[in-house]
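S.K.: Input: one structure, supplied below.
The values are calculated or read from the model by the stated rules, or taken from the named source; none is laboratory data. None of the values given here were measured: they were computed from a predicted structure. Neighbour counts are summed over all protein chains in view; Cβ atoms, including those assigned to glycine, are modelled from backbone coordinates with ideal geometry. Calculation scope for accessible area: heavy atoms of the full protein, side chains included, ligands and nucleic acids excluded. Shrake-Rupley method; radii C 1.70, N 1.55, O 1.52, S 1.80 Å.
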Amino acid sequence: MALEIRVPSFGESITESTVARWLRENGSWVEKGEPVVTLDTEKASSDVEAPASGVLKVLAAEGADVAIGAVIAEIDETAGRPA
């Protein structure tokens, strides 16, 4: 089962964010707690960490405007760690 990475809430007045930069490539192995994407709002930039270890599947392209709570990536926890 894939674990979703969602756009976090940045505060009451913020309704969307922009995917500024993926810090890890689609299909790469990520470790729990590792920053995987940078999101920009009109007020600040923030890195989002992987909620689990596994293979990253990117769902939102760099430069895309995404709503708070939107799913921007998934992590396949069942995938085997590459050798």
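S.K.: Select from segment 9-47 the residues that are farther than 30 Å from THR78 by Cβ and touching a Leu at 6+ places or on another chain (Cβ under 9 Å) and write down the one among them that is modelled with the lowest pLDDT. If you could, list the steps in order and put the result at the bottom.
M.R.: Filtering segment 9-47 down to residues farther than 30 Å from THR78 by Cβ leaves 10-16, 18, 40-45.
Still in the running and touching a Leu at 6+ places or on another chain (Cβ under 9 Å): 10, 18, 45.
Numbers: PHE10: 85, THR18: 96, SER45: 93.
Ranking the candidates gives PHE10 first.
S.K.: Out of (1) within 12 Å of the chain's Cα centre (by Cα); (2) open to solvent by less than 70 Å² (accessible area, probe 1.4 Å), what's the single condition that is false for ARG21?
M.R.: If we test ARG21 against (1) within 12 Å of the chain's Cα centre (by Cα); (2) open to solvent by less than 70 Å² (accessible area, probe 1.4 Å), just (2) comes out false.
S.K.: Next question. Which of the residues belonging to segment 71-83 are surrounded by 13 or more Cβ atoms within 10 Å (Cβ to Cβ) and not charged (D, E, K, R)?
M.R.: VAL71, ILE72, ALA73, ILE75, ALA79, listed by residue number.
S.K.: Mind checking which residues of segment 56-70 are out of contact with any Pro (no Cβ under 8 Å at 6 or more places or on another chain) and open to solvent by 50 Å² or more (accessible area, probe 1.4 Å)?
M.R.: Start the filter on segment 56-70 by keeping residues that are out of contact with any Pro (no Cβ under 8 Å at 6 or more places or on another chain), which leaves 56-67, 69-70.
If the condition is that a residue be out of contact with any Pro (no Cβ under 8 Å at 6 or more places or on another chain) and open to solvent by 50 Å² or more (accessible area, probe 1.4 Å), then LYS57, LEU59, ALA61, GLU62, GLY63, ASP65, ALA67 are the ones that fit.
S.K.: While we're here: May I ask you to say which residue of SER45, SER13, SER28, SER53 is surrounded by fewer than 18 Cβ atoms within 10 Å (Cβ to Cβ) and without any contact (Cβ under 8 Å) to a residue 12 or more places away in the chain?
M.R.: Answer to the selection: SER13.
One line per residue, one yes/no per condition, for (1) without any contact (Cβ under 8 Å) to a residue 60 or more places away in the chain; (2) of a type in the set (Gly, Ala, Ser):
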residue: PRO35; (1), (2): yes, no
residue: ASP40; (1), (2): yes, no
residue: VAL58; (1), (2): yes, no
residue: ALA61; (1), (2): yes, yes
residue: VAL66; (1), (2): yes, no
residue: GLU74; (1), (2): no, no
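S.K.: Would a scan of segment 8-17 turn up a residue that is aliphatic (A, V, I, L, M), on the phi < 0 side of the Ramachandran plot and within 11 Å of the chain's Cα centre (by Cα)?
M.R.: no
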